[in-house]
Every structure is written in C-alpha cells, then in structure tokens.
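Have a look at the structure below, then the notes.
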Amino acid sequence: MYQPYFDGTAAICLAGFCYFAGEVNRELIGHKPAGCEFDNVLMVPPTKAWEEAIQEVYQEKAKPWTRYATNRDKTAFDRSKLAELAAGLPQGYELRPIDEEIYNLTLTLPWAWDLCGNIPGYSRFAANALGFVIFHGGELVSGASSYAFFQGGIEVEIDTREDYRRQGLATICGAALILACLERGLYPNWDAHTKESLALAEKLGYAFDKEYLVFDIFPW
C-alpha cells in the first residue's frame, strides 16, 4: 500500500489498483511509486473530475474499462449449495488448499501468479489469506485465492489455465474458497473484471451492485 499526500489529496495503490480521494491533483495522478514493479495499473476515478484528469495526464495510454461491483452481504450465501458445487470435482482431479509448496508454485506460473503474488512471503499469506487450487495429472490447472486482504476479508482472485477453462473448475474452487472464508468469519469480496466473472459470482451467491469505470494505464 502506498499513500502519498498532496494538499488534501491521497492515492492508495494496492496490487494492480490505484484509488484516489480528495481534490484532483495531476501531479499525483502521474506519480508512480518508487519500487513499483507493475507494468500497468487500474486507476479508479471517484468523480468525473478525476476521470477527466486521468485522461488528460495519460492520453492514449489510458484505456477505459467497466468493472462490476457486488453487494457485500454474508447472509446471501447458500452454504449447502456452495458445498454441493465444491463437491463437483471430476474424476482424476484433486482440490487442495494452498500450502507453502503450492504458494511457491503459483509464483512460477504466469497465468497463476495473481493467486498469491500480491502477498509477498508465504508466512504473510498464511496469516492473512487463503486459497484453493485444482490439480490434474500432477499439474496445477485452476485456483481461487486472495488477490489482497483487508480487515475482516479478502479480495477474491480466480484463474484457470486456458486449456482447462469452461469445465466448471473455477466454480468448484470459488465455492470452496467462499465456504472457507465464511467459516473463518471473513468476507470474500468479489469485484468482477468482466461480465463473465460477474456471471460466475452470481452463480455462487453474489448479487450485482453497480458498474464503475476504471482506466487501464499501460505502460505505467
């Protein structure tokens, strides 16, 4: 997390996101934190004025994107349905919680890096986050985990290797993760990057809240 302040203005950078508050400040918008290794960032403008300023600063590098927020309601989940979905593993597949070995494995796989990569160090991950993955033929092929964590919850991240998509594996991992979060008293927040992600969220018990605009800045 990074919090520079410029005359009543603030930015918080969390993993690949940057959130703004206060008075619009173009210097802050154009500022990349020292040591940040991300090549791109999703900037979230809180107002129309921030939106226009981001476009002015980054011009053609600012690609608009619509994301989909869900309602935060622990009571909305049907635990029996989630348990049924989590139990739907095909024969020959194995569902496993993320341990230190799996944590380290995800960091070597580009498609799976976001499952654990935003929480440096397994000890920190184990203390604040959790996740589940599916193996097939000895290879990791899908997972649901913690993109980030906050007091009382996590941000859900789901990824499936391209050649294993549309087989229901993300549903299984997601159901297992949500159940485990609820058992720990954590809220598994789901913020959808695409309509497909939103559809999966709704299948698992989430309710759509609202659309919101972000800007994908590349290169940052």
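In table form, for the structure just shown:
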{"item": "The chain, accessible surface, carbon-and-sulfur percent (1.4 angstrom probe)", "result": "49"}
{"item": "Mean shadow area of the stretch 10-77, taken as a quarter of the surface of its Cα convex hull (nm²)", "result": "6.1"}
{"item": "For the stretch 56-171: relative contact order, % (alpha-carbon pairs under 8 angstrom, 6 or more apart)", "result": "21"}
{"item": "Euclidean distance of C-alpha centroids, the stretch 1-75 and the stretch 82-142, integer Å", "result": "29"}
{"item": "Along the chain, longest interval not containing exposed GluC sites (Glu not before Pro), exposed being DSSP loop plus at most 15 other Cβ atoms within 10 Å", "result": "38-220"}
{"item": "Spatial extent of the stretch 49-149: Rg and Dmax, with the Cα atoms as the point set, Å", "result": "18.2, 53"}
{"item": "Average accessible area per residue (Å²) across the chain - probe 1.4 Å, nucleic acids and ligands excluded", "result": "52"}
{"item": "Label point distance in nm, T66-N40, each placed 7 Å from Cα along Cα→Cβ", "result": "1.9"}
{"item": "Spacing of the two label points (7 Å from each Cα toward its C-beta) at R96 and A49, in nm", "result": "5.3"}
{"item": "Members of K32/K195; K74/K210; K63/K203 lying beyond 26 Å, as alpha-carbon distances in this model show", "result": "K32/K195; K63/K203"}
{"item": "Under 5 Å, built H, 5+ apart or other chain: amide partners of G131", "result": "I98"}
{"item": "Charge sum, other residues only, whose C-beta stays under 15 Å from L42's C-beta, Lys/Arg counted +1 and Asp/Glu -1", "result": "-4"}
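The values are calculated or read from the model by the stated rules, or taken from the named source; none is laboratory data. Source: prediction; values computed, not measured. Note: ideal-geometry Cβ built from the backbone for every residue, glycine included; neighbour counts use all protein chains shown. Areas reflect the complete protein model, heavy atoms only, side chains present, ligands, DNA and RNA absent. Shrake-Rupley method; radii C 1.70, N 1.55, O 1.52, S 1.80 Å.
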